[in-house]
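The values are calculated or read from the model by the stated rules, or taken from the named source; none is laboratory data. Just so it is clear, the structure is predicted and the values come from calculations on it, not from any experiment. Please note: Cβ atoms are built from the backbone with ideal geometry, for glycine as well, and neighbour counts cover all protein chains shown.
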Amino acid sequence: MKIRGVWAHNFHQELSQFDHCLHRFPVISFDTEFPGFLRDTPRDALEDQRYEDVKFNVESLKLLQLGFTLSDAHGNIGGTWEFHLSGFNEKSDPHVVASISLLKRNGLDFARLGQFGISVAEFVFGFLRVLRIHRGLHDLTWVCFHGLYDLAYLLKLLTQKPLPDSVVMFAKALGVVFGTIYDVKFMARYCRGFFGGEIGLARVAKLLDVERSGEAHQAGSDSLLTAAVFSKMNATFRSVAGMSQGCLYGISPTIVRYWQPAPVILRRPCFPIRGVWAHNFHQELSQFDHCLHRFPVISFDTEFPGFLRDTPRDALEDQRYEDVKFNVESLKLLQLGFTLSDAHGNIGGTWEFHLSGFNEKSDPHVVASISLLKRNGLDFARLGQFGISVAEFVFGFLRVLRIHRGLHDLTWVCFHGLYDLAYLLKLLTQKPLPDSVVMFAKALGVVFGTIYDVKFMARYCRGFFGGEIGLARVAKLLAVERSGEAHQAGSDSLLTAAVFSKMNATFRSVAGMSQGCLYGISPTIVRYWQPAPVILRRPCFPVAAPRVYGARLIHSPILPTYVHM
């Protein structure tokens, strides 16, 4: 098994691989390397004194390496990553000379660490983002060997705060942040022939006939050996894990007594709306892609420069669609917001994609609409300079959708989404909208599959004024709070996701009556709802019109050209 060395230059690429692997291998065996112990603790020290020394050492020293090995419940290994952190200076930072010498003898290059290591701030931001995608740390199992210091360093790193003042509070903090923990050294005390657990990792591995890959005192190699030993120990001594969950060698009684996992940690849908521009487009799209595996409900919103034609409320459906087609084909899209969630309403993340190409001086727009967007924080100068090109967005976004077996594994949610869907359809097909509302409805069925319009759903909810109210009013009636500014696509998509979830929980039969119905042209959408599961499943980009045989439509490898025969 290759141990993947992670440095500043490949951090985002490797973190993406780590994230992807974590979906299938949720057991994290880990190890840390640090510059020794400034205070040595006597073996017979009382627990409070032991923790006081842990706190002093961890808060005085800097972390050098973290090793993570991912595995599944059957012991299959998904991968091993060794993250090298910068920031340690051998000349000025506290350390123990003998410990530094030992690490050097085992291959740790301190010059390279300082020059090419990952900054602590960058690691923490990226690593926490990955953990949030997996519904917080409580879906994961953490495995260590003699892990008191490893957990203390990791707790300090992830919280970016000093350790708690007492061993009691420390134990509670571990319960809150990590959830399920096993310490293999503690487990060894219940294994016959393992000397009551009073032996090191190498000796335990030898007794279990497990071989090491890599060098000792390297975090990646130690985490891989820990994972292999944990798996072999569970297979050999089947009852040990049940007796050892949450127990740490050294302070285990306290950990057991105060083990209180708190499901709120990192689970709230309040992590930031992720602004996506040209410079971070591929990185954020990769996160979006991985999140989509677990959160296949896409709530979305668009921002555009107004309506060149206003449609009367009493307009016939054909006239309404004619105005939609004219407006959408005359104007350029500015922002797209996507919030990913699951069937239970848990939020995976929110992304706000900023598109370039709009020029306020030369492109058609409505002045009042542009002014409204500016008042709500849309920076048009930045949009033009740093936004994502439409071609790049379309190519990347379609590639992600293909990975997920086409759009028909996904559920799309909007609020008063006629224009949002029209803009998204035009963007993804890179073609004019179909000529009639009938063909438009068929195209939506082909391209998107399952759609819900929350404004249409509201007409079936008692007390919601027949759906003739806006998103903010619906949210207020459901006691759902907004995050971010109105008339920003990310914030609106996040609010739409929260409202959709709360509405489904409150009015359980509404979704079944509303699938495929859009406010404004709902009868047509229902009548011509024809999802085509082949769409977007084949690789890459030829443009070919579908051929029609009788009533059967055979589609092109990409989104279809709409031909009616």
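Overview of values
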| item | result |
| --- | --- |
| Qualifying position, being surrounded by 20 or more Cβ atoms within 10 Å (Cβ to Cβ) and part of a loop (DSSP other than H, G, I, E, B), among Leu424, Leu433 | Leu433 |
| Single residue of region 448-460 satisfying the filter (assigned to a helix (DSSP H, G or I) and not basic (Lys, Arg)) that is nearest to Phe500 (Cα to Cα) | Val454 |
| Those residues of region 1-11 which are at pLDDT below 90 and of a type outside the set (A, V, I, L, M, F, W, C), in sequence order | Lys2 |
| Counted residues, region 39-80 - those being aliphatic (A, V, I, L, M) and within 20 Å of Leu154 (Cα to Cα) | 7 |
| The listed residue being assigned by TED's automatic domain parsing to the domain that holds Leu155 and either modelled with pLDDT under 85 or outside any loop (DSSP other than H, G, I, E, B) (or both), out of Pro269, Pro253 | Pro253 |
| Residue check, Asn359 within 28 Å of Met503 (Cβ to Cβ) and either polar (S, T, N, Q) or outside the structural domain of Asp409 (by TED's automatic domain parsing) (or both) | no |
| Selection count where residues are surrounded by fewer than 22 Cβ atoms within 10 Å (Cβ to Cβ) and not in a helix (DSSP H, G or I), scope region 410-421 | 3 |
| Meets criteria (assigned by TED's automatic domain parsing to the domain that holds Val297, part of a loop (DSSP other than H, G, I, E, B), surrounded by 17 or more Cβ atoms within 10 Å (Cβ to Cβ) and on the phi > 0 side of the Ramachandran plot) for Gly463 | no |
| Residues satisfying the stated conditions in region 322-381, i.e. part of a loop (DSSP other than H, G, I, E, B), over 23 Å from Val400 (Cβ atoms) and among the basic types (Lys, Arg) | Lys361 |
| Any hit, region 470-478, residues being among the charged types (D, E, K, R), more than 22 Å from Leu372 (Cβ to Cβ) and either at pLDDT 90 or above or in contact with a Leu (Cβ under 9 Å, 6 or more places away or on another chain) (or both) | no |
| Residue within region 421-435 that is at pLDDT below 95 and among the aromatic types (Phe, Trp, Tyr) present | no |
